[in-house]
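Novice: Here it is, the structure in full.
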Amino acid sequence: MDRYAVVGNPVAHSRSPEIHAAFARQTAQALTYERLLAPTGRFVPTIEAFFASGGAGLNVTLPFKEEAFAWVDERDEFAASAGAVNTIVKVGARFRGCNTDGLGLVRDLERRHGLVLAGACILVLGAGGAARGVLGPLLGRAPARIELMNRNAGRVATLLERFEDPRLAPADEASRAYDIVINATSAGTQGEPIPFDARLARGAFAYDMAYGVGAQAFSEWAARGGARRTVDGLGMLVEQAALAFALWRGVAPETDPVLAQLRAAQ
Ligand code: NDP
C-alpha cells in the first residue's frame, strides 16, 4: 500500500488522516496516511527518512511549509507565489512542491458558499504564512481589490512588495465596505480576541480560516460588527486536502460528504 503522511510539529491535532482515509474509502484507493512528528530542527532528516522507507507523498503543516519549499526540486505556481509548500508529490526521482491552501480557500468560497470573487472587495486580516499562501489564488479570481490589515504593519508592506499588484493595498480603516472579510490571523487559535475594529465586517461575508474552538473569536467579532454571514475554515481544510489527494492519486474525491463527516465528529 502507498504510504502518505502529514508532517508538522505539533501534529497530533491534525484532522488530515481522517480526511484522507475518507477520500481513500470513497475512491477505493489502497493507501495509508499517518501523522509524522518532525522534531524542531529535524524536518529534512525526518522527511528524507520517510521517503527513503518508501513514502509516496507528504502534506506539510506548521511550522515547516517554508522549509519544504526550500527542500523540493521543483515548485508549482501556487507554491512559488506563496513561498511555501503544503504538498510534496514524488515524480520519478524528483520531488515537486505544491501549495493547495489558496485554491482550497477559493473553492470553498466559490463552490460551497456561492460567492463571486470577480469584482469583489476583500479584506484579509493577517499577513503571516496563511495570508501569503492565499493571495495568489485570490488575485487569480479577478477581485476589484484586496486590502490587508495586520497587527504588525511591516509584514503588510512585505506582502505588498512581494506581490506587486495594483489591486493589493493596506486596509483603509475609513473605507469599511467589504464584500468578504477573511481572517488569516492565528489570534483565535491562540485564545486571543481579534484586535481590529469590528465595524470592518459590516454587511460582509466573514470567512475564518481557523476552525473548531479557534473559530470562536472571529465569529464573535464578525457578529459584533454586523457581518451578514460567518463560516469557519473546515471547508478550506477539506478542499486543500482533496486537491492534494488528486495530485497524488489522479482522482478527485467528493468533498461534501467528508466535510459533513468531520462536522458530525466535531
Ligand atoms: P503565522 O504564524 O504565519 O501568522 C500568524 C498571523 O496571525 C500573523 O499575521 C500575526 O500577526 C497574526 N496574529 C497572531 N496573533 C494575533 C493576535 N493576537 N491578534 C492579531 N493578530 C495576530 O500563521 P498562519 O498564517 O500559518 O496561520 C494563520 C491561521 O490560519 C491559523 O489559525 C491557521 O490554523 C489557519 N489556517 C487554516 C488553514 C485551513 O485549511 N483552514 C490552512 C492554513 C492556515 P503579526 O504579524 O502581527 O504577529
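Novice: Can you tell me what share of the DSSP beta bridges in the chain is antiparallel? A percent to the nearest 5 is fine.
Specialist: 20
Novice: Let me ask another. In vacuo Debye scattering of segment 48-92, one point per C-alpha: log10 I(q)/I(0) at q = 0.16, 0.19, 0.24, 0.32 Å⁻¹?
Specialist: Values returned for q = 0.16, 0.19, 0.24, 0.32 Å⁻¹ are -0.40, -0.55, -0.86, -1.28.
Novice: Now, a different point. Using only alpha-carbon positions, what ratio does the radius of gyration of segment 106-189 give when scaled by 2.2 N^0.38 Å?
Specialist: That works out to 1.02 for segment 106-189.
Novice: Does segment 2-99 classify as rounded, prolate or oblate by the C-alpha gyration tensor (a ≥ b ≥ c root eigenvalues; a/c under 1.5 gives rounded; else a/b over b/c gives prolate, otherwise oblate)?
Specialist: Because its axes are fairly even, with a/c under 1.5, segment 2-99 counts as rounded.
Novice: Could you compute how much accessible surface HIS13 exposes when probed at 1.4 Å, giving the result in Å² to the nearest 10?
Specialist: 120
Novice: I've got another one for you. Ignoring ligands, DNA and RNA, what percent of the accessible area of segment 1-124 is carbon or sulfur (1.4 Å)?
Specialist: 55
Novice: I've got another one for you. Over the Cα atoms of the chain, how large are the radius of gyration and the largest Cα-Cα distance (Dmax), in Å?
Specialist: Just the Cα atoms of the chain yield Rg and Dmax of 18.1, 56 Å.
Novice: How large are Rg and Dmax for segment 72-134 when only the alpha carbon atoms are used, in Å?
Specialist: 13.8, 43
Novice: If you line up the Cα atoms of segment 1-48 on their principal axes, what length do they span on each, largest first, in Å?
Specialist: Here the Cα extents, ordered largest to smallest, are 37, 22, 8 Å.
Novice: Each residue of segment 153-159 in turn: what ³J(HN,Hα) in whole Hz from Karplus with 6.51, -1.76, 1.60 and θ = phi - 60°, glycine and Pro shown as x?
Specialist: 5, x, 6, 5, 4, 5, 5
Novice: Separate question: Leaving ligands, DNA and RNA out of it, work out the accessible area of GLU164 with a 1.4 Å probe and give it in Å² to the nearest 10.
Specialist: For GLU164, solvent-accessible area is about 150 Å².
The values are calculated or read from the model by the stated rules, or taken from the named source; none is laboratory data. The shown structure was predicted, so the numbers you read here are calculated from the model rather than taken from an experiment. Keep in mind that these areas ignore ligands, DNA and RNA; they rest on the heavy atoms of the full protein, side chains included. Shrake-Rupley method; radii C 1.70, N 1.55, O 1.52, S 1.80 Å.
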